[in-house]
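> Please see the structure below; I have some questions.
Read-outs throughout are calculated quantities, based only on the coordinates presented, and are distinct from any laboratory measurement. Because the structure is predicted, anything quoted here is derived from the model rather than measured. Glycine also receives a Cβ, built like all others from the backbone with ideal geometry; neighbour counts cover every protein chain displayed.
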Amino acid sequence: MPNNTMKSLPRPLLIGLMGCGKSSIGRRLAKRLDMPLIDLDERIVEQAGSSIPDIFAQFGEAYFSDMESRILHDIIDQQAIIATGGGVILRAANRKLLKSHPPVIWLKAAPEFLAGRIAGDSNRPLIANQDALQKLTALAIERYPLYESCADLIIARDDMNKDDITTLIIDFLGKTA
């Protein structure tokens with residue numbers, strides 16, 4: 001696809017549970033589409049000057065969510081691929097904002113797949129010192145209906161590699177341009 005065509009493609013917003021590949025697939029999309037990537041979690045860390053676990057420990061999850069909402073609102077109109085945090089859909093205002101800026105792409109993955117990828121990851125405070133599969137299953141029950149309510153495209157992440165997912169997203173963007 002020629003570069004000028006890629007520039008005219010809509011910029012996707014990636015949603016999904018922790019470990020589904022929002023950041024890594026976002027980086028691949030950014031490279032292939034020659035667009036910047038804004039990783040919401042990275043922006044939060046940058047603005048807070050602390051790691052996500054430190055933010056949770058010092059200020060709590062609500063403070064983190066407040067930052068996440070504020071930054072999402074600040075960046076949503078930028079011409080960039082946006083990789084959101086896994087909990088961004090918990091707030092109704094964030095869901096409304098996501099829905100008003102399509103396309104929203106849900107990288108859907110089974111808790112078992114995710115647990116295999118992130119178990120023991122100390123940078124994920126929601127699963128720290130817990131059974132990763134059990135916590136991810138609970139998060140899936142809570143969040144999957146919310147992700148689905150926002151999604152313009154749902155990709156079953158479990159059986160696909162990142163290059164195939166990237167190509168699928170680019171093809172979808174081409175059809176919605």
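> Rule-of-thumb check for the chain: C-alpha Rg over 2.2 N^0.38 Å?
0.99
> Kindly state, to the nearest 0.05, the FRET efficiency for residue 69 paired with residue 131, given R0 = 30 Å and r defined as their beta-carbon distance. Display every interim value, and only then the final one.
Numbers: r = 29 Å, r/R0 = 0.96.
Rounded to the nearest 0.05, the efficiency is 0.55.
> Run the dipole for the chain about the Cα centre, Lys and Arg Cβ at +1, Asp and Glu Cβ at -1, nothing else charged, and hand back the magnitude in debye, nearest 20.
Once rounded to the nearest 20, the dipole reads 420 debye.
> Give me log10 I(q)/I(0) at q = 0.24 Å⁻¹ for segment 1-89, Debye formula, one equal scatterer per alpha-carbon, no solvent.
-1.20
> Of 96/162; 31/96; 108/135; 135/162, which pairs sit farther than 26 Å apart, going by alpha carbon to alpha carbon?
96/162; 31/96
> Follow-up question, since we're still on this one. Taking only Cα atoms, what is the 0 to 90° angle, nearest 10, from helix 22-33's long axis to the longest principal axis of the chain?
Once rounded, the angle reads 20 degrees.
> Can you tell me the length gained on complete extension of the stretch residue 168 to residue 32, counting 0.36 nm per residue apart and subtracting the Cα distance?
Between residue 168 and residue 32, full extension yields an extra 47.7 nm.
> Mean residue ellipticity at 222 nm from the helices of the chain, using -39,500 (n - 2.57) per DSSP H segment of n ≥ 4 over the full residue count, to the nearest 500 deg cm²/dmol?
The per-residue figure over the chain is -17000 deg cm²/dmol.
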